[in-house]
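Novice: Would you mind keeping the following structure in view while I ask a few things?
The values are calculated or read from the model by the stated rules, or taken from the named source; none is laboratory data. The model shown is predicted, which means the values in this text are computed figures rather than measured ones. FYI the Cβ positions are ideal-geometry reconstructions off the backbone, even for glycines, and counts take in every protein chain you see. Areas reflect the complete protein model, heavy atoms only, side chains present, ligands, DNA and RNA absent. Shrake-Rupley method; radii C 1.70, N 1.55, O 1.52, S 1.80 Å.
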Amino acid sequence: MSVEVERKFVCNADTLKTLEEIGAVCVGRREFRDQYFDTPEFDLTLRDMWLRKRKACWELKCPTTVNGTDEASGGQSKELCSRYREITNLPEIQRRVREVMKDIREDGETEASPSQEDESWLSEMNLVRFADFTTVRQSFMLEEKGVQIDLDQADFGYQVGEIEVLVPDGGDVQSALEKIERTAGKLGLTGDQRVDGKMNVYLQRNYPEHHAKLLREHVL
Ligand code: V4E
């Protein structure tokens, strides 16, 4: 398990030129489809838990913990950088989701299947797909070790950049935040406003009620 620390930024026509000027090297361009799942009552996302299937793999992003307690929100409300624990082990994902469902329904015992292909666990846990979109991502590396810059173009007409550092379990989050800040400086990012991620915009446009509820609960 690792923690993803990232800062999103607005990218425009000049971003590619700026990346070249600061010596960023393009390390790949790929396309992926994301499908996100939650209960009809938004039990996961209201807890800032984001379950998705990307390229046939399951991923769960959830708040990091400090001394066993969830931080207020992975998005840290108004901070520029967000941090989320990324879980890719399916049995562990199912265990965490089941834990949430148990909180809600005491009788909610479900037998999760450990197979990537067998998706019966979704309906057993009352999970339905609420988002489905495709992203074209161009990735760049800098000399600064461990820093990746992604430029994302989503198929619903939204473009966003992110500076990202993956911190292994027990690693130094503070140093990741400093690396991100230095990179933001190199990119000339001066704004102190948080930039919306793809999901935020997707929900705003397609599911305004879900979006409003997450705003009210300070998840977004
Ligand atoms: C909406 C959301 C999450 C879902 C994934 O969001 P994001 O990191 O934008 O997706 P993506 O495609 O860039 O994932 P990657 O390839 O980097 O793994 S996870 C957390 N949230 C909520 C959230 C928030 N509260 N604040 C900010 C700035 N971003 C997201």
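Novice: Relative to the longest principal Cα axis of the chain, at what angle does helix 90-104 sit, 0 to 90 degrees, rounded to 10?
Specialist: Result, in degrees: 60.
Novice: Of the options ASN206, VAL167, GLN193, report the single residue whose Cα projects farthest towards the positive end of the charge dipole of the range 166-215 (beta-carbon charges: Lys, Arg +1; Asp, Glu -1).
Specialist: ASN206
Novice: Further question: Measure out, as a whole number of angstrom, how far apart the alpha-carbon centroids of the range 1-57 and the range 80-103 sit.
Specialist: 17 Å
Novice: To two decimal places, what compactness ratio does the chain give when its Cα radius of gyration is scaled by 2.2 N^0.38 Å?
Specialist: 1.04
Novice: Send over a whole-number figure in Å² for the accessible area per residue of the chain, probe 1.4 Å.
Specialist: For the chain, the solvent-accessible area averages 53 Å² per residue.
Novice: Karplus couplings for the range 47-60 from phi (6.51 cos²θ - 1.76 cosθ + 1.60, θ = phi - 60°), rounded to Hz, Gly and Pro as x?
Specialist: 9, 6, 10, 10, 9, 9, 10, 10, 6, 6, 10, 8, 9, 10
Novice: Would you check the chain for Lys pairs whose C-alpha atoms are within less than 13 Å, ignoring same-chain pairs closer than 8 in sequence, and give me the count?
Specialist: 5
Novice: Turning to a different aspect of this structure: Name the residues of the range 5-20 whose amide N is less than 16 Å from a point 7 angstrom out from the Cα of GLU79 along the C-beta direction?
Specialist: Backbone N within reach: 5-8.
Novice: If each of VAL195 and SER175 carries a label point 7 Å out from its Cα toward its Cβ, how far apart are those two points in nm?
Specialist: My value for the distance between the label points is 2.6 nm.
Novice: Counting only the backbone N, which residues of the range 121-137 are under 16 Å from the spot 7 Å out from the Cα of LEU16 toward its beta-carbon?
Specialist: Of the residues in the range 121-137, 136-137 have backbone N under 16 Å from the label point off LEU16.
Novice: Using θ = phi - 60° and the Karplus relation 6.51 cos²θ - 1.76 cosθ + 1.60, list the HN-Hα couplings for the range 7-14 in order, rounded to whole Hz, with x at every Gly or Pro.
Specialist: Once θ is set to phi - 60°, the couplings for the range 7-14 become 10, 8, 8, 6, 10, 9, 4, 8 Hz.
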